[in-house]
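Please read the structure below before turning to the comments.
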Amino acid sequence: MEETVMKIGIIGAGNIGGNLTRRLTALGHDVSVANSRGPETLEALAEETGATPVAAVEAAKGAQIVVVTVPLKRVPDLPSGLLDGAAEGAAVIDTGNYYPQQRDGRIAAIEDEGLTESLWTERHLGHPVIKAFNGTYAQDILERPRPAGDAERMALPVAGDDAAAKQAVRDLIDELGFDTVDAGGIDDSWRQQPGTPVYGLRAGAEAVRKALTEASPERPADFRG
């Protein structure tokens, strides 16, 4: 079956964003990529991959899938109306994690109100998000794809409330060479936050499902501000 070429916007060109740019362009998708420092700083990545470097406010323009992969503390700094020009029904992937001690500082809405990290991001973006890739090693995106049915194929948990957007993301991850496990809605996405059994797990679908069920809602001490 021939895969459909999609327009994909990637906001954040760090390890995950850069490697998704590499893989998605290699699969033939039309990728625009942005970072906080401006498109001129992305010329090397653009030359390597064929992706189009753009300003952050342009990244989602016409995109069917938008990947937001920036440090959590930078989410409120993203341009307002970031997703206004996205295609109707666009799926927005949030790869983010809250590292209060290591990077982000204390975020009261997460710590005190008990918001999941992705719900906090969703509220800032004003658009539903699908949580995926947050516990994936960036290098695995390049090195560990496997064909469907391969015994060594890794599975990634995917959480979100929009069923159509979630399916679009799961299909894309399948195309990238990984299985997926439905991890529930955004209110359930704490099951894949840092410090949970599934976070960083390199395993198949059965082990990922088991790890999701074993998660505790109590935030581990290392990931509390």
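The values are calculated or read from the model by the stated rules, or taken from the named source; none is laboratory data. In this text, all values refer to a predicted model and were calculated from it rather than measured experimentally. FYI the Cβ positions are ideal-geometry reconstructions off the backbone, even for glycines, and counts take in every protein chain you see. Surface accessibility is based on the protein's heavy atoms, side chains included, excluding ligands, DNA and RNA. Shrake-Rupley method; radii C 1.70, N 1.55, O 1.52, S 1.80 Å.
Considering the chain as a Gaussian network with a 10 Å cut-off on Cα pairs, which listed residue, K210, K73, K61, attains the greatest mean-square fluctuation?
For the chain, modelled as a Gaussian network with Cα springs under 10 Å, the answer is K210.
Roughly how many Å² is the accessible area per residue of the chain, as a whole number, for a 1.4 Å probe?
46
Report, by chain and number, residues whose modeled amide H sits under 5 Å from the one on T52, excluding near sequence neighbours (fewer than 5 apart, same chain).
Placed amide hydrogens put V31, S32, V33 under 5 Å from T52.
Picking from L172, T25, A207, whose Cα lies most toward the positive end of the charge dipole for the chain (charges on Cβ: Lys, Arg +1; Asp, Glu -1)?
Value: A207.
Which aspartates and glutamates, if any, have their Cα less than 16 Å from the Cα of K73, not counting same-chain residues under 8 positions apart?
D94, D104, E111, E117, E122
Which order do you get for Y98, Y137 if you rank them by accessible area with a 1.4 Å probe, largest at the top?
Result of the area sort, largest leading: Y137, Y98.
Let me check I have the definition right: for the range 71-137, take the eigenvalues of the Cα gyration tensor, multiply each by 5, take square roots. What are those semi-axes in whole Å, largest first?
Equivalent ellipsoid semi-axes, largest first: 21, 14, 11 Å.
Once you charge only the Cβ atoms, +1 for Lys and Arg and -1 for Asp and Glu, what is the size of the charge dipole of the chain about its Cα centre, to the nearest 20 debye?
Around 440 debye, computed over the chain.
Could you pull the accessible area for V169 with a 1.4 Å probe, rounded to 10 Å²?
Accessible area, nearest 10 Å²: 0 Å².
Determine ³J(HN,Hα), in whole Hz, for all residues of the range 155-169 in sequence, where each value follows from phi through the Karplus function 6.51 cos²θ - 1.76 cosθ + 1.60 and θ = phi - 60°; x replaces Gly and Pro.
With the stated coefficients, the range 155-169 comes to 10, 10, x, 9, 10, x, 9, 8, 4, 5, 5, 4, 5, 4, 5 Hz.
About the Cα centre, and with charges only on the beta carbon of Lys, Arg (+1) and Asp, Glu (-1), how big is the dipole of the range 57-121? Nearest 20 debye, please.
Dipole of the range 57-121, to the nearest 20 debye: 220 debye.
Calculate what fraction, in whole %, of the accessible area of the chain sits on carbon and sulfur atoms when a 1.4 Å probe is rolled over the protein chains.
Carbon-and-sulfur percentage of accessible area, whole number: 46.
Would you rank W190, W120 by solvent-accessible area, highest first, keeping every protein chain in place and using a 1.4 Å probe?
W190, W120
Does the range 160-199 classify as rounded, prolate or oblate by the C-alpha gyration tensor (a ≥ b ≥ c root eigenvalues; a/c under 1.5 gives rounded; else a/b over b/c gives prolate, otherwise oblate)?
Note, shape of the range 160-199 comes out oblate.
For the range 94-225, what is Rg from Cα atoms divided by 2.2 N^0.38 Å, rounded to two decimals?
Taking N as the residue count of the range 94-225, the ratio is 1.03.
For the range 79-167, with the dipole built from +1 on Lys and Arg beta-carbon atoms and -1 on Asp and Glu ones, taken about the Cα centre, which of Q102, S118, I130 lies farthest toward the positive end?
Ranked along the dipole, the leading option is Q102.
Could you name the lysines whose alpha carbon sits less than 21 Å from that of K210, not counting residues in the same chain fewer than 8 places away?
Partners found: K131, K166.
How far is the Cα center of the range 150-180 from the Cα center of the range 196-217, in Å?
15
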